[in-house]
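Trainee: Here it is, the structure, as structure tokens.
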Amino acid sequence: MATSNNQLFKIVDGLAEAQRSSGQQYDTLRVRGKVFGYYWPRTQTVGLKQTLSEQRALVAERPEVFEEQFTAGGFGWVVVYLEGIEADEMRELVYEAWRLSAPEELVAQVPDLAR
């Protein structure tokens, strides 16, 4: 079953100090000022920060759901098509993107959603 944008926002809102800000074409997801994702309503996609190895693995495993967005600062950003991913898997990916951007003391306050 696909993930809706409402489910995505509920996941983001459940993370400590995660913030969403809306622009003309996309929403930006941040934690303490650091970007960990983007949501594009027009295409129903989300771009998420991941490790380089996770980016490659996701795209290789299911190229119909994931595509490489860009790499920066030793991280690989991946585009996720909401229609192709279940909410549980999206929760893990959003958590990982948030965790890669959040300070350690904040990460310690939130249970690992991947477990």
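Trainee: Do you know which residues across the range 58-97 are part of a helix (DSSP H, G or I), touching a Phe, Trp or Tyr at 6+ places or on another chain (Cβ under 8 Å) and more than 17 Å from N5 (Cβ to Cβ)?
Mentor: Hits for the range 58-97 are L58, V59.
Trainee: Moving on to the next point. Can you name the condition, by its number, that W98 falls short on among (1) more than 12 Å from G37 (Cα to Cα); (2) open to solvent by less than 30 Å² (accessible area, probe 1.4 Å)?
Mentor: (1)
Trainee: May I ask you to list the residues in the range 1-57 that are part of a loop (DSSP other than H, G, I, E, B) and loosely packed, with under 13 Cβ neighbours inside 10 Å?
Mentor: Listed by number, the residues that qualify are M1, G23, Q24, Q25, R32, G33, P41, R42, T43.
Trainee: State all residues of the range 49-66 that are in contact with a Leu (Cβ under 9 Å, 6 or more places away or on another chain), farther than 16 Å from L8 by Cβ and of a type in the set (D, E, K, R); if no residue qualifies, say none.
Mentor: E54
Trainee: Now a separate question. Would you pick out the residues in the range 70-84 that are touching a helix residue (DSSP H, G or I) at 6+ places or on another chain (Cβ under 8 Å) and of a type outside the set (G, A, S)? So that I can check it myself, show each step before the final result.
Mentor: Going through the range 70-84, the residues touching a helix residue (DSSP H, G or I) at 6+ places or on another chain (Cβ under 8 Å) turn out to be 71, 74-78, 80, 82.
Of everything in the range 70-84, those that are touching a helix residue (DSSP H, G or I) at 6+ places or on another chain (Cβ under 8 Å) and of a type outside the set (G, A, S) turn out to be T71, F75, W77, V78, V80, L82.
Trainee: Can you tell me which residue within the range 31-59, out of those that are within 15 Å of Y95 (Cβ to Cβ) and free of Cβ contacts under 8 Å to residues at least 60 places away in the same chain, is nearest to the chain's Cα centre (by Cα)?
Mentor: L48
Trainee: Also, quick follow-up: Please identify the pairs in which a residue from the range 1-23 that is under 16 Å from F36 (Cα atoms) has its Cβ atom under 7 Å from the Cβ atom of a residue that is open to solvent by 90 Å² or more (accessible area, probe 1.4 Å), counting only partners at least 6 apart or on another chain.
Mentor: Qualifying pairs under 7 Å: F9/R20; V12/R20; A16/Q109; E17/R32.
Trainee: Could you figure out which of (1) modelled with pLDDT under 95; (2) under 11 Å from the mean Cα position of the chain (by Cα) isn't true of Q24?
Mentor: With (1) modelled with pLDDT under 95; (2) under 11 Å from the mean Cα position of the chain (by Cα) applied to Q24, the lone miss is (2).
Trainee: Another question about this same structure. Considering the range 66-88 alone, what residues qualify as being open to solvent by 10 Å² or more (accessible area, probe 1.4 Å) and in contact (Cβ under 8 Å) with a residue 24 or more places away in the chain? Before you say what the answer is, go through the steps one by one.
Mentor: If we filter the range 66-88 for residues that are open to solvent by 10 Å² or more (accessible area, probe 1.4 Å), which is where we start, we get 67-75, 77, 79, 81, 83-84, 86-88.
Scanning the range 66-88 gives F75, W77, V79, Y81, E83, G84, E86, A87.
The values are calculated or read from the model by the stated rules, or taken from the named source; none is laboratory data. Since the structure is predicted, the reported quantities are computational estimates derived from the model, not experimental observations. FYI the Cβ positions are ideal-geometry reconstructions off the backbone, even for glycines, and counts take in every protein chain you see. Heads up: the accessible areas ignore ligands, DNA and RNA and are worked out on the full protein's heavy atoms, side chains in. Shrake-Rupley method; radii C 1.70, N 1.55, O 1.52, S 1.80 Å.
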